[in-house]
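Remarks on the structure that follows.
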Amino acid sequence: MGDHRYAILGDIHSNWPALEAVMTDAFAQNVTQFLCVGDVVGYNAEPVRCLETIMELGCVTVMGNHDQYCSSSAPLDDFHPLAAEVVRWTRNQLNDQHLTFLRDLKFVRRVAGFTLVHSTLDMPEKWGYVFDALEADANFNYQSTALCFHGHTHVPVVFERQKTVHRMHFSRLQLQLGTRYFINVGSVGQPRDGDPRSAYAVFDPQLKTVELRRVPYDVEATQAGIRNAGLPERLARRLVFGK
Ligand code: ZN
């Protein structure tokens, strides 16, 4: 693990003002390595800028459902119509280099003794949502590292398993030996826990801490981008409420 301090970003969703604010905060937190639990693209209007930044950062990234569908021509039957409209728009923004980057993403990555996945380790390619302890329990049966970070629900929360699985909100978590953690880092680009600020996590292996950071960003700039691109107004409005 060396002396790295990790920033774990998830569900950036083409929101450049949010990603920029989170990067600034992460550098101020002395982060040395960026990681991403998927969904770099979708929903908002700056997929190229977000993707190229992730590539330049050397950010280890796993595949999200939007990453998968935006880089394929697969039918969008499983998508909410609003999301599907942006997937179709995003497909037209990406060049071959962007498409190759997205298509080559793995569903699960192991980094320095911990794990990254977008949705859940039991069937990562099925894009199941983990909202409660029961759903997290299925994940833990497949989690071979003490620590695994994920996203997908856009709700930051920690599931910890000792004898049973507990679901907890967190701001600063002190990791305990013998406990397993499945940690949702929340969403950079479209938070859904009622707090419109960007969310991401800082993991310090030396201190054995995971800190949830909340970062305000220029929501109006992101909304202007959505409107200028002709994307659905509801996607601009929801950012104000964090829903
Ligand atoms: Zn997402």
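The values are calculated or read from the model by the stated rules, or taken from the named source; none is laboratory data. Since the structure is predicted, the reported quantities are computational estimates derived from the model, not experimental observations. Counting neighbours? That spans all protein chains shown, and the Cβs are built from the backbone with ideal geometry, glycine included.
How many of the residues in the range 27-45 are touching a residue at least 60 places away in the same chain (Cβ under 8 Å) and over 15 Å from the mean Cα position of the chain (by Cα)?
Matching residues across the range 27-45 total 3.
Restrict the check to the range 55-72 and report whether at least one residue is within 13 Å of the ligand (Cβ to nearest atom), buried (at least 22 other Cβ atoms within 10 Å of the Cβ), part of a loop (DSSP other than H, G, I, E, B) and among the acidic types (Asp, Glu).
no
Find the strands (runs of 3 or more DSSP E) located wholly in the range 136-243 whose residues include 3 or more that are farther than 23 Å from Val87 by Cα, in contact (Cβ under 8 Å) with a residue 60 or more places away in the chain and in contact with an Asp or Glu (Cβ under 7 Å, 6 or more places away or on another chain), and list them.
Of the strands (runs of 3 or more DSSP E) lying wholly inside the range 136-243, none has at least 3 residues that are farther than 23 Å from Val87 by Cα, in contact (Cβ under 8 Å) with a residue 60 or more places away in the chain and in contact with an Asp or Glu (Cβ under 7 Å, 6 or more places away or on another chain).
Hey, any hits in the range 174-182 for a residue that's closer than 15 Å to Asp11 by Cα and of a type in the set (Gly, Ala, Ser)?
no
So which residues in the range 1-33 are assigned to a loop (DSSP other than H, G, I, E, B), away from the ligand (no atom under 16 Å from the Cβ) and not hydroxyl-bearing (Ser, Thr, Tyr), if there are any at all?
Of everything in the range 1-33, those that are assigned to a loop (DSSP other than H, G, I, E, B), away from the ligand (no atom under 16 Å from the Cβ) and not hydroxyl-bearing (Ser, Thr, Tyr) turn out to be Met1, Gly2, Asp3, His4, Arg5, Gln29, Asn30, Val31.
Residues checked against (1) within 16 Å of Gly42 (Cα to Cα); (2) modelled with pLDDT of 95 or more; (3) within 16 Å of the ligand (Cβ to nearest atom); (4) out of contact with any helix residue (DSSP H, G or I) (no Cβ under 8 Å at 6 or more places or on another chain):
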{"site": "Thr100", "(1), (2), (3), (4)": "no, yes, no, yes"}
{"site": "Leu116", "(1), (2), (3), (4)": "no, yes, yes, yes"}
{"site": "Thr120", "(1), (2), (3), (4)": "no, yes, yes, no"}
{"site": "Ser144", "(1), (2), (3), (4)": "no, yes, no, yes"}
{"site": "Gln162", "(1), (2), (3), (4)": "no, no, no, yes"}
{"site": "Arg172", "(1), (2), (3), (4)": "no, yes, no, yes"}
